[in-house]
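Values quoted throughout were computed directly from the atomic coordinates according to the rules given, and no laboratory measurement underlies them. Remember, it's a predicted structure, so these values are computed and weren't measured experimentally. Cβ placement follows ideal geometry from the backbone for every residue including glycine, while neighbour counts extend to all protein chains displayed.
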Amino acid sequence: MTSKGSARGWNGRVALVTGAARGQGLAITRRLRSDGFEVVACDLDPKGLAEASEVGALVVAMDVSNEADWSSAIAATVERYGQLDVLVNNAGILRRVAVDEESSEQFRNTWEVNCLGPFLGIQAALPHLLQSTSAAIVNTCSTSALKGFPLHASYCASKWALRGLTQALAAELGPRGIRVNAIMPGPIETQMLSPEAVRRLRETGSKLGRPEDAAALVSFLVSAEATFVSGAEFVVDGGQMASR
Ligand SMILES: NC(=O)c1ccc[n+]([C@@H]2O[C@H](COP(=O)([O-])OP(=O)(O)OC[C@H]3O[C@@H](n4cnc5c(N)ncnc54)[C@H](O)[C@@H]3O)[C@@H](O)[C@H]2O)c1
């Protein structure tokens with residue numbers, strides 16, 4: 001099988017990455033391609049997926065909160081590559097709003113994308129991950145799943161829920177040969193952070209990470225170097241939580 005855009009040739013493994021049109025998901029896609037993976041890059045934004053396509057990823061437009069979209073994405077993966085070894089649940093949305101002004105509809109939507117989406121992805125991928133001898137799942141949580149942040153009720157709640165899902169499934173799927181880990185990025189300079197948020201963070205002396213910082217961690221977690229790592233939570237925030 002060819003591996004267009006991969007520096008090393010195919011490593012024999014296939015990864016599906018969500019939220020892959022930009023930011024951390026695109027960086028993860030690029031990193032896994034250079035690690036030798038075939039990558040299926042999924043996102044709500046079909047136009048944005050052009051960059052992932054340029055590095056040789058198979059691109060699939062999908063909404064992670066939609067069960068039927070997951071069936072199609074997994075079917076496309078297996079049709080093209082015949083296997084799936086790694087699932088990176090990276091897609092997410094952020095809401096910054098006072099709790100008095102939050103709506104039940106937006107609260108539910110944040111949870112559907114950030115937590116239900118990864119659950120649906122894991123369920124859809126499971127039959128194929130179970131056939132892999134190197135299966136790994138990485139869920140992108142946030143430092144918002146470790147502490148409370150004002151004006152982030154729906155985001156924090158959804159990421160704490162995703163953290164819980166990660167723990168439960170690490171315990172449940174470990175004996176079935178699938179490792180499940182979480183990464184907890186701090187502020188990473190992507191379009192998720194508004195220009196005002198970036199300015200505010202810089203003014204208050206916060207360090208901002210690069211999407212590649214999260215991608216390097218994902219690369220390790222899905223690698224053979226991490227075969228004894230599961231149910232773990234990795235902060236990638238330049239040390240900010242340590243001083244909070
Ligand atoms: N940027 C940060 O400071 C930061 C910090 C901690 C955690 N995170 C988490 O990192 C992950 C990646 O975020 P990012 O910083 O790259 O942000 P981003 O906004 O640049 O990228 C998010 C991507 O997810 C896609 N997406 C959104 N909803 C989707 C859906 N329903 N279905 C499919 N795709 C969808 C978007 O189209 C976009 O391409 C998210 O889970 C986010 O919550 C980000």
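How high is the FRET efficiency from Ala75 to Ala226, r the C-beta distance, R0 30 Å, rounded to 0.05? Efficiency computed from Cβ-Cβ geometry: 0.60. Taking 7 Å steps out from each Cα toward its Cβ at Phe149 and Gln83 produces label points 3.8 nm apart.
Label sites at Gln191 and Ala216, each approximated as a point 7 angstrom past Cα along Cα to Cβ, lie 2.6 nm apart. Only lysine pairs 8 or more places apart or on separate chains count here, and in the chain those with Cα atoms under 28 Å apart total 5.
For the range 37-137, the Cβ-based charge dipole about the Cα centre amounts to some 200 debye (Lys, Arg positive; Asp, Glu negative; other atoms uncharged). The charge dipole of the range 14-243, taken about its Cα centre with unit charges on the Cβ of Lys, Arg, Asp and Glu (plus for the first two, minus for the last two), comes to roughly 460 debye. For the range 166-196, backbone nitrogen atoms closer than 20 Å to the point 7 Å from Asp45 Cα along Cα-to-C-beta are found at 185-196.
Estimated purely from DSSP H runs of n ≥ 4, each contributing -39500 (n - 2.57), the mean residue ellipticity at 222 nm for the chain is -12000 deg cm²/dmol once divided by its residues.
Sorting the segments 137-148, 225-236 by their residues' average number of neighbouring beta-carbon atoms within 10 angstrom, most packed first, yields 137-148, 225-236. Looking at the range 14-243, the DSSP beta bridges with both ends there are about 0 percent antiparallel. Model label sites at Arg96 and Gln123, defined 7 Å from Cα along the beta-carbon direction, differ in position by 3.4 nm. Radius of gyration over Kirkwood radius for the range 14-243, both on Cα atoms: the Rg/Rh ratio is 0.95.
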